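Every read-out reported here was derived from the displayed coordinates using simple, explicitly stated rules and does not represent laboratory data. Everything numeric in this text was worked out from a predicted model, so none of it was measured. No Cβ is skipped: glycine too gets one built from the backbone with ideal geometry, and neighbour counts run over all protein chains shown.
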Amino acid sequence: MIINKDWHEKNRMKKNPSFNERVLWHLSHAENCPCRGMSESIKKEIERRKQS
Ligand SMILES: [Zn+2]
C-alpha cells in the first residue's frame, strides 16, 4: 500500500477528535494520500456535505 508518510507525520489525528475534526482530516487526507482509512460514516458525511 502506498502511504504519504510526510503528510501523515504532519497531520497526526488528535487523540480524541470530534466527528467534525475527523471529517476535515479525511477530506484533507483524501487529497494528499492514497492510503485507505476512511470509515463508512465519514464517507457518508463527506458525500452529504458535497451535496449541500
Ligand atoms: Zn494516508
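Using Cα pairs closer than 8 Å and at least 6 residues apart in sequence, work out the relative contact order for the chain, in percent.
On the way: 22 pairs, mean separation 24.0, N = 52.
It rounds to 46 percent for the chain.
To test your reading of the geometry: what angle, between 0 and 90 degrees and rounded to tens, separates the Cα axis of helix 40-51 from the longest principal axis of the chain?
60 degrees
So which trypsin sites (Lys or Arg not before Pro) in the chain pass both tests, a DSSP loop state and at most 16 other Cβ atoms within 10 Å of the Cβ? Don't skip to the end; give the middle numbers.
On the way: sites: K5, K10, R12, K14, K15, R22, R36, K43, K44, R48, R49, K50; in loops: R12, K14, K15, R36.
Answer in residue order: R12, K14, K15, R36.
Let me check I've understood the local charge: for M13, count other residues with C-beta under 13 angstrom from its C-beta, Lys and Arg +1, Asp and Glu -1. What total comes out? Numbers along the way, then the final one.
Working: positive: K10, R12, K14, K15, R22; negative: E9, E21.
Once positives and negatives cancel, what remains is +3.
Please count, across the chain, the pairs of lysine residues with Cα atoms under 23 Å apart that sit 8 or more places apart or on different chains. Walk me through the numbers before you get to the answer.
Working: K5/K14; K5/K15; K5/K43; K10/K43; K14/K43; K14/K44; K15/K43; K15/K44.
Within the chain, the lysine pair count is 8.
Mind checking the dipole of the chain: about its Cα centre, +1 per Lys or Arg Cβ, -1 per Asp or Glu Cβ, Debye to the nearest 20?
Numbers: 12 positive and 7 negative charges, 27 e Å.
The calculated dipole for the chain is roughly 120 debye.
So what is log10(I(q)/I(0)) for the chain at q = 0.25 1/Å, when the Debye sum runs over its Cα atoms only?
-1.04
Kindly provide the helix-only [θ] at 222 nm of the chain, computed as the sum of -39,500 (n - 2.57) over DSSP H runs of four or more divided by all residues, to the nearest 500 deg cm²/dmol? Let's see the in-between values first.
On the way: 3 runs with 32 residues, N = 52.
Result for the chain: -18500 deg cm²/dmol, rounded to the nearest 500.
Under 14 Å from the Cβ of K43, count the other residues' Cβ atoms, weight Lys and Arg +1, Asp and Glu -1, and hand me the total.
Values: positive: R22, R36, K44, R48, R49, K50; negative: E40, E45, E47.
Local charge sum for K43: +3.
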